[in-house]
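Read through the structure below, which is laid out as structure tokens, and then see the notes.
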Amino acid sequence: MFYNHENPLQASIYDNKILVVDDSSINRDLISSFLKAAGYRSIDTAVDGQDALNKLKEQAIDLVILDLIMPNVDGTTVIKEIRSDPHLKQLPILVQTAISDPEERAEAWKYGATDIITKPIHKLELLSRVKVQLENSFLIRELENYHKIAAQEVAKALELQKSLLPSAAVIQSLEEKYNLSINSVFIPSRFLSGDIWGLYELGPNQIMVWICDFSGKGISASLYTLGLHTLIAEHRSTLQTPAALIHLVNNKVREMIKEGNFCTFLAGIIDLENRRFDYLSASSTHPIIYHPQHRNYTLGDGSGLPLGIVEDVRYTHRSLEFQEGDSLILYSDLMWENHGGIPDISFLPEELPCLIRTLDGQDLFQAVKHKIDEFDDPAFSDDLTLIEITIKPQGG
């Protein structure tokens with residue numbers, strides 16, 4: 001039998017360790033001779049099921065050729081033991097048996113046999129099935145390694161994306177300077193997010209805050225967030241109004257993203273001296289001013305054309321008033337989803353009154369966070385961003 005030594009797949013399977021398990025020395029020798037003649041270089045044998053289990057513990061085996069009917073420990077028990085071991089659950093098991101009873105053979109499949117070959121062993125059939133199982137096993141390992149590496153790379157990319165968000169040092173500085181409490185949640189739906197938000201101090205008693213949600217999910221949407229962050233950081237010194245910020249982002253987004261894509265965007269100034277939030281919105285979610293001391297809220301208007309569709313759009317200037325103890329709530333549209341969102345939590349305008357009544361003056365952000373924390377590994381239908389900026393009462 002000829003094979004291509006330059007093919008890494010073929011070369012690797014002929015170095016795989018094969019364990020032949022049979023209580024008959026004639027069968028062990030016969031199968032081993034077939035394999036060696038075909039070019040397999042690493043073959044071991046076991047005289048019964050217990051011998052096989054011992055060898056599986058002592059060395060790395062890539063394929064088991066297993067007889068079913070054996071003394072001491074039979075083949076079915078060996079299959080059960082192998083499949084109960086998390087390190088061996090993917091190990092291919094080629095059962096060779098003289099049993100013709102369909103029910104007996106079905107037992108082998110039931111407990112985890114990968115393939116079955118009938119005795120007396122036919123050389124070409126044996127070699128064909130061995131080769132297929134080893135190649136499949138090789139490809140599965142390669143795929144698992146690829147997924148492992150990809151998961152590691154995505155995790156690094158997510159950490160990079162999170163680093164684009166306001167740092168703990170920036171938030172703490174603003175909190176201490178202006179007697180604020182700033183909390184946020186950022187959870188991607190697919191490893192990486194199309195959401196991003198930011199804030200920075202414009203001047204005394206003025207803080208610019210913005211939130212963006214790119215259409216789509218995953219890697220492509222996350223790359224847009226990187227470009228947007230870079231754009232705003234580069235021009236931040238000149239972006240002194242929400243209008244200037246939204247104008248810049250709109251025109252750059254049109255250049256940056258593919259036709260048919262867009263982003264929703266909201267930018268506003270928290271004016272702490274005049275107790276007002278002045279903002280512009282491009283099809284964003286409605287901002288909320290939550291008044292916990294009065295058990296109610298004020299709902300803003302997030303309507304407007306999304307960014308990246310039409311050049312030089314003019315957006316409506318809007319304002320919301322707030323007092324000490326109030327919270328500004330900004331969020332992505334997952335908070336509007338009844339299915340795939342956070343159970344029992346919805347910021348939809350028609351459902352928000354019921355939620356506020358249920359809170360009875362409790363912290364809105366903490367109520368949402370508590371629901372999220374009920375999940376061991378939250379996975380929602382869309383990216384989640386939630387921001388709460390609370391103006392603490394003096395002395396609070």
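In nm, what is the difference between 0.36 nm times the number of residues separating HIS339 and ASN179 and their Cα-Cα distance?
Working: separation 160, 0.36 × 160 = 57.60 nm, distance 3.70 nm.
Contour length minus Cα-Cα distance gives 53.9 nm.
What is the distance in Å between the Cα centres of region 12-74 and region 247-320?
68
Counting only C-alpha contacts under 8 Å and six or more residues apart, can you give the relative contact order of region 278-396 as a whole percent?
Once divided by the residue count of region 278-396, the mean separation gives 30 percent.
Using only Cα atoms, find the angle between the long axis of helix 242-256 and the longest principal axis of the chain, and express it within 0 to 90 degrees, rounded to the nearest 10.
Here the helix axis deviates by roughly 30 degrees.
Using a Förster distance of 51 Å, how high is the FRET efficiency between LEU139 and ILE372, based on the Cβ-Cβ distance and rounded to 0.05?
0.85
When THR390, THR238 are ordered from fewest to most other Cβ atoms inside 10 Å of their Cβ, what list results?
THR238, THR390
Identify all aspartates and glutamates with a Cα-Cα distance to LYS89 below 15 Å; exclude those on the same chain that are fewer than 8 residues away in sequence.
ASP62, GLU81, ASP115, GLU144
I need the fraction of alpha carbon pairs in region 273-314 separated by more than 13 Å, rounded to a whole percent.
Every Cα pair in region 273-314 considered, those over 13 Å come to 63 percent.
Provide ARG129, ARG141 in ascending order of the number of other Cβ atoms located within 10 Å of each residue's Cβ, fewest first.
In increasing order of surrounding Cβ atoms, one gets ARG141, ARG129.
Put one equal scatterer on each alpha carbon of region 174-296, apply the Debye formula with no solvent term, and list log10 I(q)/I(0) at q = 0.11, 0.19, 0.21, 0.22 1/Å to two decimals.
Summing over Cα pairs of region 174-296 leads to -0.41, -1.13, -1.30, -1.38.
For the chain, restrict the atom set to alpha-carbon positions and state the Rg and Dmax in Å.
Gyration radius and largest Cα-Cα distance of the chain: 31.8, 95 Å.
When only C-alpha pairs under 8 Å and at least 6 residues apart count, what is the relative contact order of the chain, in percent?
This gives 12 percent for the chain.
Angle between the Cα long axis of helix 123-163 and the longest principal axis of the chain, 0 to 90 degrees, nearest 10?
20
Would you look at the GNM of the chain, springs on alpha carbons closer than 10 Å, and say which of THR385, THR230, THR77 moves the most?
Looking only at THR385, THR230, THR77, the biggest GNM fluctuation is shown by THR77.
Tell me the mean residue ellipticity at 222 nm calculated for the chain from its helices only (DSSP H runs of n ≥ 4, each -39500 (n - 2.57), averaged over every residue, nearest 500).
Roughly -12500 deg cm²/dmol at 222 nm, from the helical runs in the chain.
Take HIS87, HIS291 and order them by how many other Cβ atoms sit within 10 Å, fewest up front.
By the 10 Å Cβ count, ascending, the order reads HIS87, HIS291.
Please enumerate, by chain and number, the aspartates and glutamates with C-alpha under 18 Å from the C-alpha of LYS119, excluding those fewer than 8 residues away in the same chain.
Leaving aside aspartates and glutamates fewer than 8 places away in the same chain, those within reach of LYS119 are ASP22, ASP23, ASP29, ASP48, ASP67, ASP74, ASP101, GLU103, GLU104, GLU107.
Return P(r) of region 164-391 (all Cα-Cα pairs; 10 Å bins starting at 0; whole %; ordered from short to long distances).
Once binned at 10 Å, the Cα pair distances of region 164-391 give 8, 34, 39, 18, 1.
Taking Cα pairs under 8 Å and at least six residues apart, what relative contact order does region 9-74 come out at, in percent? Each step should come with its number before you reach the end.
On the way: 98 pairs, mean separation 28.8, N = 66.
Dividing the mean separation by the residue count of region 9-74 yields 44 percent.
Quick check on my link table: of LYS57/LYS131; LYS217/LYS392; LYS162/LYS252, which ones sit more than 30 Å apart, alpha carbon to alpha carbon?
Cα-Cα > 30 Å for LYS217/LYS392; rest within.
Throughout, read-outs are computed from the coordinates displayed, never taken from laboratory work. Because the structure is a prediction, the values reported are computed rather than measured. With ideal geometry, Cβ positions are generated from the backbone for all residues, glycine too; neighbour counts draw on all protein chains shown.
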